[in-house]
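What follows is a set of notes on a single structure, which appears directly below.
The values are calculated or read from the model by the stated rules, or taken from the named source; none is laboratory data. Only a predicted model underlies this, so the values are computations on that prediction, with no experimental measurement involved. Here the Cβ positions follow ideal geometry from the backbone for every residue, glycine too, while neighbour counts run over all protein chains shown.
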Amino acid sequence: MSEALFDENDWRLVPTYETQKFIEDVKNDEFIDLFNGPGYELWAKNLRFFDGYEHYLLCNKAVIPYFTLEYVSNGEDHYFLDGSEHPLEFLIGKGALRLNERNILEYLEFHSDVTFYPYRKVKFITDPTNTPYSGASAMGHHFKTLKYHAKMEMEYSDSDQCFFITMPVVYNGETVKGRVQVLKTGEINILEPTNIPLMDKTRDHNPLDYDHPHEQELLQQNLEILQHSAEGKRLYETIDSYGAKLRMVSGVGGNAFAPNANTAFIVAPENVETYSPYQIIAMAGVFRALEHHLMDEKRPDPFDDINEVLERHCALNLDILLKICIIVDELQEAGFDDILRKFKESGFEELYSAYKNERPESEMVRILGKHMGVKVVD
């Protein structure tokens, strides 16, 4: 196996001593297990629209794919990206925003990557090679993206002090021609296909707040659904029997992480208030990871030989994913079709097909290796 996990042309690796200082600055005692571990890397990328600030990824190398927490920082002041628009509004309120024709698309792309609106399902596509699609529907979306991207236009209105941009937009699962207004103040309004204001500036922001405001509701809703699967119910009862603690954490994307046998974390964007298929999938996976700890099936030391590290991660990840395959199958039989569909759309359609067709393990390892971005050598 060989490693290909980061594009170093876009991101720079922060020196170890700076990484240690960063962790000391951002760690929270209530979530201390997020910050304790054998190996962390900190990556940074310039944000041309926020003067003096960079996008930081704090990556836990104990698992592959890495478990990440995301921040915006100027090296001294750190702002946790909780999956909502509020950290961006907070920085804009501090006067950090510098918008112009050269960085406006980067600003939209960043906003699209780090914010999530459950009731305004909108994404901006600034790069046709980087779209939120996978699976059988990807090609159709890709052709629409190319079509609308080819006719992309941008103009600045002095009278309105804003940019108007015509570009491809994902709206409620469809790729459409969108018209977007971006004010010099950073406020974003979608004008077409429908009028949607995205930044309402209605909430105060805590720079380092990891709590999820809807933690108990989300845990209850997801656990109720998971237990419609016999295997999901077994996993939950096993973990519950010895009092392991499951926490919801605000953040970007849908990470999940079990640092030890007693604690697991599931990341959900701050704006999410109800169950989602992605949380079910993450919950199933992290319960199996807790069970690995109980069985003393440990993740490797990230500083060991890279080939051995990748092989061990691949074996454990495959075991977790096969458990998830069983669970999403059982949930589909119970009427939760959307969970299986989202699992496939997350990039696991080929692996799921191999599981259903009882393909040999060696074939599934190659499929997983491709998904992880590593080359599997026989």
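Numbers for the structure displayed
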read-out: Strands (runs of 3 or more DSSP E) lying entirely in the stretch 44-122 (those with 1 or more residues that are under 19 Å from Y278 (Cβ atoms) and touching a strand residue (DSSP E or B) at 6+ places or on another chain (Cβ under 9 Å)); value: 67-73
read-out: Residue tally, condition at pLDDT 75 or above and either within 20 Å of K121 (Cβ to Cβ) or of a type in the set (K, R) (or both), over the stretch 131-148; value: 4
read-out: Residue count for the stretch 147-174, restricted to those that are in a strand (DSSP E or B), out of contact with any Gly (no Cβ under 8 Å at 6 or more places or on another chain) and of a type in the set (S, T, Y); value: 2
read-out: Qualifying residue in the stretch 311-321 (condition: closer than 24 Å to E224 by Cα, touching a helix residue (DSSP H, G or I) at 6+ places or on another chain (Cβ under 9 Å) and not charged (D, E, K, R)); value: yes
read-out: Residue that is farthest from the chain's Cα centre (by Cα) [pool: residues in the stretch 277-310 that are among the charged types (D, E, K, R) and surrounded by 18 or more Cβ atoms within 10 Å (Cβ to Cβ)]; value: E291
read-out: Test: residue in the stretch 103-110 that is in contact (Cβ under 8 Å) with a residue 40 or more places away in the chain, under 24 Å from G373 (Cβ atoms) and crowded, with 20+ Cβ neighbours inside 10 Å; value: yes
read-out: Only one of L198, L219 that is crowded, with 16+ Cβ neighbours inside 10 Å, in the same structural domain as N255 (by TED's automatic domain parsing) and touching a strand residue (DSSP E or B) at 6+ places or on another chain (Cβ under 7 Å); value: L219
read-out: I367, sole failed condition from (1) modelled with pLDDT under 95; (2) surrounded by fewer than 18 Cβ atoms within 10 Å (Cβ to Cβ); value: (2)
read-out: Long-range neighbours under 9 Å by Cβ, at least six apart or interchain, first residue in contact (Cβ under 8 Å) with a residue 24 or more places away in the chain within the stretch 177-188, second in a strand (DSSP E or B) and among the acidic types (D, E); value: K177/E192; G178/E192; V180/E192
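Yes/no matrix, rows are residues, columns are (1) more than 14 Å from P65 (Cβ to Cβ); (2) out of contact with any Leu (no Cβ under 9 Å at 6 or more places or on another chain):
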residue: R288; (1), (2): yes, no
residue: D305; (1), (2): yes, yes
residue: L321; (1), (2): no, no
residue: I327; (1), (2): yes, no
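Residue by residue, here is whether (1) more than 23 Å from L246 (Cα to Cα); (2) hydrophobic (A, V, I, L, M, F, W, C); (3) not in a helix (DSSP H, G or I) holds:
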residue	(1), (2), (3)
Q279	no, no, no
G285	no, no, no
R288	no, no, no
E291	no, no, no
V309	yes, yes, no
I327	no, yes, no
G335	yes, no, yes
K370	yes, no, no
